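The values are calculated or read from the model by the stated rules, or taken from the named source; none is laboratory data. Source: prediction; values computed, not measured. All Cβ positions, glycine included, derive from the backbone under ideal geometry; neighbour counts span all protein chains shown.
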Amino acid sequence: MKYNDLELAFEFHNDGDPYDHVTYISRSTGRTYIRSEMGGDDELPEDVEENDDYVEIPHKYDLDLGKELVWEFVNRQIPGLKNKVQGIFSRRGAYGRYKAFLAHLDLLDAWHRFEDERTREALLKWCKDEGIPIEE
């Protein structure tokens, strides 16, 4: 499986609310299969949930790519503003306000690079742990 294909499947899997989409990967072929609450499903193999060849792509929260990632970035880049960021995350819609805050500080590009790097590391580790070969 190519990393770009894995990344696209991961992004789709994580689009919307958790569990809106379920995405499986075949360890042997690298092919992805999608089941979505919004329709447009792939035809899933009958044994997708029982056969060890298929593995469900994890949600970003399962890979600590949610708030844990935010706090790691804040602690590295703007530790003096941790209380401000905590306030941002005390209400709904926090990620939009967080990104606007970072843009105001001219750190939005740095956040995106950091998030992409950590996502890549987490996905590659997950693939290694699951026995899914990745082509770079």
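State whether the residues of segment 45-62 include one that is surrounded by 13 or more Cβ atoms within 10 Å (Cβ to Cβ), part of a helix (DSSP H, G or I) and without any contact (Cβ under 8 Å) to a residue 24 or more places away in the chain.
Checking segment 45-62: at least one residue is surrounded by 13 or more Cβ atoms within 10 Å (Cβ to Cβ), part of a helix (DSSP H, G or I) and without any contact (Cβ under 8 Å) to a residue 24 or more places away in the chain.
Quick check on segment 106-124. Is at least one of its residues modelled with pLDDT of 95 or more, farther than 23 Å from residue 4 by Cβ and of a type outside the set (A, V, I, L, M)?
Yes, segment 106-124 has at least one match.
Within the group 101, 10, 73, which residue is more than 23 Å from residue 131 (Cβ to Cβ), touching a residue at least 40 places away in the same chain (Cβ under 8 Å) and assigned to a helix (DSSP H, G or I)?
None of the others qualify; the one that does is 73.
Testing residue 70 on (1) crowded, with 16+ Cβ neighbours inside 10 Å; (2) within 28 Å of residue 1 (Cα to Cα), one condition comes back false. Which one is that?
The number of the failed condition is (2).
Only one of 22, 70, 74 is of a type in the set (Val, Ile, Thr), out of contact with any Gly (no Cβ under 6 Å at 6 or more places or on another chain) and modelled with pLDDT under 90; which?
22
Mind listing just one residue for me: the one in segment 82-98 that is without any contact (Cβ under 8 Å) to a residue 12 or more places away in the chain and in a helix (DSSP H, G or I) and, of those, surrounded by the fewest Cβ atoms within 10 Å (Cβ to Cβ)?
83
How about segment 111-136: which of its residues are in contact with a Leu (Cβ under 9 Å, 6 or more places away or on another chain), surrounded by 13 or more Cβ atoms within 10 Å (Cβ to Cβ) and of a type outside the set (A, V, I, L, M)?
The answer is 111, 114, 115, 118, 119, 126, 127.
Can you tell me which residue in segment 26-51 is nearest to residue 133 (Cα to Cα), limited to those that are at pLDDT 90 or above and either charged (D, E, K, R) or under 15 Å from the mean Cα position of the chain (by Cα) (or both)?
Ranking the candidates gives 27 first.
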